[in-house]
Every structure is written in C-alpha cells, then in structure tokens.
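> Questions regarding the structure given below will be posed in turn.
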Amino acid sequence: MRRTGEHLHGGYIYGTPVRYDFSANLNPLGMPESVRKAAKDAIDRSGCYPDPFCGALTDRLRELWGVRSDMIVTGNGADDLIYRIVYALKPKRAVIITPTFTEYAAALEKIDCEICEHSLSEENGFLLDDTVLDKLTDDTDMLFLCSPNNPTGRLVDPCLLNRIVKACERGIYLVLDECFIELAENGDSCSLNTADLNYCTIILRAFTKTYAMAGLRLGYAVFGSSDAALSVQLAGQHWSVSVPAQAAGLAALDEREYVETARKMIIREREYLSDGFKALGFTVFPSDANFILCSADTEDKAQRLENGLLGQGIAIRNCWNFSGLGERYFRIAVRPHNENEALICAAERCVESWTEL
C-alpha cells in the first residue's frame with residue numbers, strides 16, 4: 001500500500017537521482033530548439049503581465065482548427081482546463097472510463113459530483129466498446145474520454161466516437177482529451193473533426209506531451225459552444241498562461257516535421273520496448289500511443305522492478321493509483337533508442353537478481 005500524500009503522477013524526479021525518466025509520457029525528441037529559444041527570448045518581455053486571452057496564440061489555433069476565437073480557451077496545461085471545465089459547468093453526474101487519467105475523477109470529486117465508472121476489459125486489450133453508450137443515461141451531465149487513453153494507450157475507434165458524440169447531443173458534455181493524439185499512430189484519422197462539434201463537445205489538447213513542454217505548462221480546449229467556452233474562461237485565474245509559455249506555443253505550432261519524425265520514432269521504439277519486456281516475462285498490452293502499459297505476475301515483482309530500476313537511475317510509472325489497475329501494473333514512456341536499450345538492460349539485471357535468490 002502506498003503512502004498517503006505520495007506523488008500520484010509520472011515525471012516526479014525531485015529528491016531521487018534519475019538519469020532516464022520513463023515515467024513521463026513526453027515527446028522522445030525533447031523540446032524543439034525553436035521552442036526553447038522562443039521561451040528564452042520571452043524572458044526579456046516577462047516584466048509585463050501576459051496577455052490574459054493569449055490573443056496571438058488563440059488566433060493561430062483558430063486558423064488551424066477553423067473555428068471562431070471565442071470557441072478556444074487556453075490554460076496552464078490541460079490539467080488546469082480539466083478543473084476549470086468541471087468548476088464552470090458543474091455536472092451532477094459524470095461518466096469516466098477506468099482505468100484513465102486520475103485528474104478527471106479528482107476534479108469531479110471537488111464539486112461532489114456523482115461519478116459513474118465504465119470499466120475497460122483487460123481481456124479485450126482495454127479497448128473502449130459500444131457498451132459505454134449504456135452509461136449515457138438521461139441523468140448524465142458529462143462524459144470524460146481520453147484518446148489515446150492514459151495509461152492504456154488505446155485510441156477510441158472513430159465510428160464509436162461519432163456514435164458517442166451523437167448520444168451526447170441531448171445535453172451531455174463530452175470532454176474529449178486528445179493530449180496524446182498528435183504523437184499517436186493513426187492519430188489524425190481518429191481525432192474528432194471540428195465539423196462534428198456540437199454545443200456539448202469539448203476537445204482538450206496540450207503542448208506538454210507533443211512538444212515536451214511539461215515545465216512550461218500550456219494547454220487549450222476547443223468548444224462547440226461559445227457560451228460554455230466563456231464560462232470556462234471566467235472560471236480560472238486571469239493570467240493563467242505565462243509570457244514564455246505563450247511564445248513557446250506559437251513557435252511549437254510551426255514544428256510540423258518534428259512531430260512527424262517523432263511519430264515514426266515512437267512506432268519503431270514502441271515495438272522494441274514491447275518485445276524486450278515480453279522477453280523478460282512481463283505482459284505488454286497493445287498501444288497506439290507514445291507509452292506502453294505492462295503488468296507483472298505479482299505485485300511484489302512489479303514493486304521490485306520499480307525499485308530496482310530506480311536504484312539504477314531509471315524511473316517508470318507504477319499504476320497503483322489508477323482505478324481498475326493496481327500494484328501489478330506499470331507504464332513505460334517511449335524514449336530514444338539508447339535510453340530504451342538502457343531500460344531493457346537494467347530490467348534484465350533486475351529479473352536476473354530475482355532468479356538468483
């Protein structure tokens with residue numbers, strides 16, 4: 001059992017020496033140099049308050065998405081927007097998928113919302129199927145979907161997604177978290193088209209994962225309703241996005257070749273990691289994303305693997321706090337090949353040490 005108050009997410013490298021961080025699902029190419037430079041140059045302009053409406057960035061996003069500016073809200077990362085959406089729209093009953101990103105439930109619990117969980121099946125590779133439609137009852141106010149889902153890495157089938165959008169038209173806010181989709185295999189074809197937006201639909205994106213900008217904190221949401229967008233805009237702090245983050249976001253939107261290069265690397269390296277952990281006796285689940293969900297035979301083995309790797313300066317993400325999983329499961333981000341090789345070699349040493357006991 002984990003300690004109360006223990007950090008509940010990946011990417012926590014403070015207090016423990018970490019050489020390779022596989023716990024945070026960021027673009028394996030790292031932050032683009034143009035983005036880094038834009039953020040650094042913006043420091044000189046940080047003596048002034050940032051634009052609270054992120055005007056220049058919103059204009060670029062409006063062009064990319066083909067929607068009006070008043071249908072886009074920027075925030076201090078996707079996490080910030082999740083809480084603002086919940087606080088502004090105040091659902092009384094919400095459906096979430098399990099396992100999935102834990103902050104959906106955390107935000108909903110803050111407003112005493114009734115949470116209905118829809119459990120994914122391990123036997124089905126954690127794929128979402130049409131049984132989720134049965135949970136969208138007349139008293140449901142909100143549905144959170146993550147595609148690709150965190151931590152399972154599975155995309156929502158586009159045909160099923162369209163059926164869900166139609167089912168939500170009667171008054172259920174659909175919050176579709178696509179924060180990993182730009183790095184996903186076939187992500188473009190599985191993203192929700194803005195032509196399918198309705199007043200109940202909200203698409204959530206983040207620069208954090210796609211451009212490895214976790215420390216800068218920048219996300220945005222595209223709304224089907226300008227009224228809902230305004231409510232969410234007003235629910236957060238006035239200056240939620242810093243000057244460097246806004247500048248970095250503008251630079252990132254020009255890095256299209258960088259994203260495509262990362263996608264190709266992820267496909268190749270994900271297969272390498274999957275084969276490596278399967279060969280060591282772990283269960284590896286299919287993934288469309290830049291991370292892989294795995295499991296050990298026992299909780300003890302998973303814990304010993306995590307501790308053994310950390311002793312070698314490598315962090316992975318134990319999935320103990322994901323509803324529907326537990327101590328046996330762990331998640332691995334796809335990193336550059338040299339780091340992936342180091343992870344496999346370190347995991348081999350862990351497994352060999354167990355067999356010698």
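> Of the conditions (1) without any contact (Cβ under 8 Å) to a residue 12 or more places away in the chain; (2) over 20 Å from R36 (Cα atoms), R256 fails just one. Which one is it?
Unmet for R256, out of (1) without any contact (Cβ under 8 Å) to a residue 12 or more places away in the chain; (2) over 20 Å from R36 (Cα atoms): (2).
> Considering every residue within segment 264-271, establish whether at least one is touching a helix residue (DSSP H, G or I) at 6+ places or on another chain (Cβ under 7 Å) and not assigned by TED's automatic domain parsing to the domain that holds I111.
Yes: one or more hits.
> Same structure, new question: I'm trying to understand the selection: among the residues of segment 259-312, which are of a type in the set (A, V, I, L, M, F, W, C), in contact (Cβ under 8 Å) with a residue 24 or more places away in the chain and in contact with a Cys (Cβ under 6 Å, 6 or more places away or on another chain)?
F277, L305
> Quick test for you: out of D80, D70, pick the one residue that is touching a Ser or Thr at 6+ places or on another chain (Cβ under 7 Å), among the acidic types (D, E) and surrounded by fewer than 18 Cβ atoms within 10 Å (Cβ to Cβ). Steps first, please.
Details: D80 fails: surrounded by fewer than 18 Cβ atoms within 10 Å (Cβ to Cβ).
One residue alone meets the criteria, D70.
> In segment 129-142, is there at least one residue being in contact with a Ser or Thr (Cβ under 8 Å, 6 or more places away or on another chain) and crowded, with 21+ Cβ neighbours inside 10 Å?
Within segment 129-142 (the criterion being in contact with a Ser or Thr (Cβ under 8 Å, 6 or more places away or on another chain) and crowded, with 21+ Cβ neighbours inside 10 Å), the answer is no, since none of the residues qualifies.
> Give the residue, chosen from P28, P17, P50, P32, that is buried (at least 19 other Cβ atoms within 10 Å of the Cβ) and farther than 20 Å from N76 by Cα.
The unique qualifying residue is P28.
> A further question follows. Return the residue satisfying two criteria in turn: it lies in segment 34-77 and is touching a Lys or Arg at 6+ places or on another chain (Cβ under 7 Å) and not hydroxyl-bearing (S, T, Y), and of such residues it is farthest from M142 (Cα to Cα).
R62
> Hey, can you tell me all the residues within segment 297-322 that are over 17 Å from the mean Cα position of the chain (by Cα), of a type in the set (V, I, T) and crowded, with 16+ Cβ neighbours inside 10 Å?
Within segment 297-322, just I314 meets the criteria.
> Please name all residue pairs, on different chains or six or more residues apart, with Cβ atoms under 6 Å, provided the first residue is in segment 208-228 and is assigned to a strand (DSSP E or B) and the second residue is of a type in the set (G, A, S).
G219/G75; G219/G77; G219/A78; G219/A206; F223/A229
> Assigned to a helix (DSSP H, G or I), touching a helix residue (DSSP H, G or I) at 6+ places or on another chain (Cβ under 9 Å), surrounded by 15 or more Cβ atoms within 10 Å (Cβ to Cβ) and of a type in the set (D, E): is that true of E348 in this structure?
Numbers: assigned to a helix (DSSP H, G or I): yes; touching a helix residue (DSSP H, G or I) at 6+ places or on another chain (Cβ under 9 Å): yes; surrounded by 15 or more Cβ atoms within 10 Å (Cβ to Cβ): no; of a type in the set (D, E): yes.
No.
> To continue, here is another question. Which residue pairs have Cβ atoms closer than 9 Å, lie 6 or more positions apart in sequence or on different chains, and pair a first residue in segment 95-122 that is outside the structural domain of L204 (by TED's automatic domain parsing) and closer than 15 Å to K135 by Cβ with a second residue that is outside any loop (DSSP other than H, G, I, E, B) and aliphatic (A, V, I, L, M)?
Qualifying pairs under 9 Å: none.
> Restricting attention to segment 19-34, which residues are under 15 Å from G313 (Cα atoms) and assigned to a loop (DSSP other than H, G, I, E, B)?
If the condition is that a residue be under 15 Å from G313 (Cα atoms) and assigned to a loop (DSSP other than H, G, I, E, B), then R19, F22, S23, A24 are the ones that fit.
> Examine segment 273-296 for a residue that is over 21 Å from the mean Cα position of the chain (by Cα) and of a type in the set (V, I, T), and state whether such a residue exists.
Yes: segment 273-296 contains one or more residues that are over 21 Å from the mean Cα position of the chain (by Cα) and of a type in the set (V, I, T).
> Related question: Select from segment 237-252 the residues that are surrounded by fewer than 22 Cβ atoms within 10 Å (Cβ to Cβ), polar (S, T, N, Q) and either in a helix (DSSP H, G or I) or modelled with pLDDT of 95 or more (or both) and list them in ascending order.
Matches in segment 237-252: S242 only.
The values are calculated or read from the model by the stated rules, or taken from the named source; none is laboratory data. The structure presented is a predicted model; accordingly, all values stated were derived computationally and were not measured. All Cβ positions, even for glycine, are placed from backbone atoms using ideal geometry, and neighbour counts span all protein chains on display.
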